[in-house]
Amino acid sequence: MGALSRWCLGVGLCALAVPTALVAQSGDASVVLVEIETSAGLILAEIYPEQAPITAGNFLAYVDDALFDGGSFFRSVRPDNQPNDSVRIEVIQGGPDGPAVRERLRPAIALERTRDTGLRHVDGALSMARSGPDTGTAQFFVCIGDQPSLDFGGNRNLDGQDFAVFGRVVRGMEVVRTIQSGTVEAQRLVAPIRIEHIARTPRRPVG
């Protein structure tokens, strides 16, 4: 793949396959709701530990450890800043910041392929960033629009092994798009958007 593999070491970002069964689970107790408070606004996301137990469990463990607090969304990938990529995508990428955080990272996790989970990189999907297979740690990305080239067998990444979707934004995509539209140098946001806090929140109706 192009820049995504270079910038996604130990990180995760994209979103969810929406077979009908998955949509129906919106009110299921197995789904965990998290609030992502950023300096650009609030994002509400569902996390799917039943479909992607390794990836969702890893993300939620970092949430519970407050590892993301004080981190940032630092990368915006959009049609105008991928000159060397024949297959173009639209995502924002974020994760924890600082040397002290690196010491708190857990070992990289096994890649849960979309082929196996049934999740897909659809609009709003949260997915784990990585370089090679089994290298994801704490960085993640959010898809803007459907991104099938990031699914298993997709041609954005030369290894064809895709990225691990583990959740989906259910409210706040306008915040995601605001972050994506920020001023960039290459794909790096000139003014990264601070992640103030990520926390589990009681389930509520989403509409």
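Answer yes or no as to whether residue 178 is closer than 19 Å to residue 48 by Cα and modelled with pLDDT of 95 or more.
Here the answer is no, as residue 178 does not meet what is asked.
Please work out if residue 128 is surrounded by 14 or more Cβ atoms within 10 Å (Cβ to Cβ), within 21 Å of residue 65 (Cβ to Cβ) and not hydroxyl-bearing (Ser, Thr, Tyr). In short, yes. Could you tell me whether any residue of the stretch 131-150 is small (Gly, Ala, Ser), surrounded by fewer than 22 Cβ atoms within 10 Å (Cβ to Cβ), touching a Pro at 6+ places or on another chain (Cβ under 9 Å) and over 27 Å from residue 67 (Cα atoms)? The answer is no; no qualifying residue exists. Look at (1) touching a helix residue (DSSP H, G or I) at 6+ places or on another chain (Cβ under 8 Å); (2) surrounded by 16 or more Cβ atoms within 10 Å (Cβ to Cβ) and you find that residue 153 fails only one, number (2). Within the stretch 38-53, the set of residues being part of a strand (DSSP E or B), out of contact with any Lys or Arg (no Cβ under 7 Å at 6 or more places or on another chain) and crowded, with 19+ Cβ neighbours inside 10 Å comprises 43, 47. Output yes when any residue across the stretch 174-195 is more than 23 Å from residue 30 (Cα to Cα), in a strand (DSSP E or B), free of Cβ contacts under 8 Å to residues at least 12 places away in the same chain and small (Gly, Ala, Ser), and no when none is. Looking through the stretch 174-195, at least one residue is more than 23 Å from residue 30 (Cα to Cα), in a strand (DSSP E or B), free of Cβ contacts under 8 Å to residues at least 12 places away in the same chain and small (Gly, Ala, Ser). Taken together, the criteria place residue 101 among residues that are within 19 Å of residue 68 (Cβ to Cβ) and not acidic (Asp, Glu). Of all residues in the stretch 64-76, those that are farther than 15 Å from residue 100 by Cβ and surrounded by fewer than 15 Cβ atoms within 10 Å (Cβ to Cβ) have Cβ atoms under 8 Å from Cβ atoms of residues that are of a type outside the set (Gly, Ala, Ser) and modelled with pLDDT of 95 or more, 6 or more apart or on another chain, in 64/200. Within the stretch 156-171, if we keep just the residues that are more than 14 Å from the chain's Cα centre (by Cα) and assigned to a loop (DSSP other than H, G, I, E, B), the residue that is modelled with the highest pLDDT turns out to be 161.
Residue by residue, here is whether (1) over 19 Å from residue 32 (Cβ atoms); (2) of a type in the set (Ser, Thr, Tyr); (3) modelled with pLDDT under 95 holds:
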| site | (1), (2), (3) |
| --- | --- |
| 128 | no, no, no |
| 133 | yes, no, yes |
| 137 | yes, yes, no |
| 142 | no, no, no |
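On inspection, residue 134 qualifies as out of contact with any Cys (no Cβ under 8 Å at 6 or more places or on another chain) and on the phi > 0 side of the Ramachandran plot. Taken over the stretch 55-83, the residue count meeting the criterion of being closer than 17 Å to residue 201 by Cα and assigned to a loop (DSSP other than H, G, I, E, B) is 5. Checking each residue in the stretch 90-147 for being touching a residue at least 12 places away in the same chain (Cβ under 8 Å), farther than 12 Å from residue 165 by Cβ and assigned to a helix (DSSP H, G or I) picks out only 101.
The values are calculated or read from the model by the stated rules, or taken from the named source; none is laboratory data. On a predicted model such as this, the values are computed, not experimentally measured, just so you know. So basically every Cβ, Gly included, is an ideal-geometry build from the backbone, and we count neighbours across all protein chains shown.
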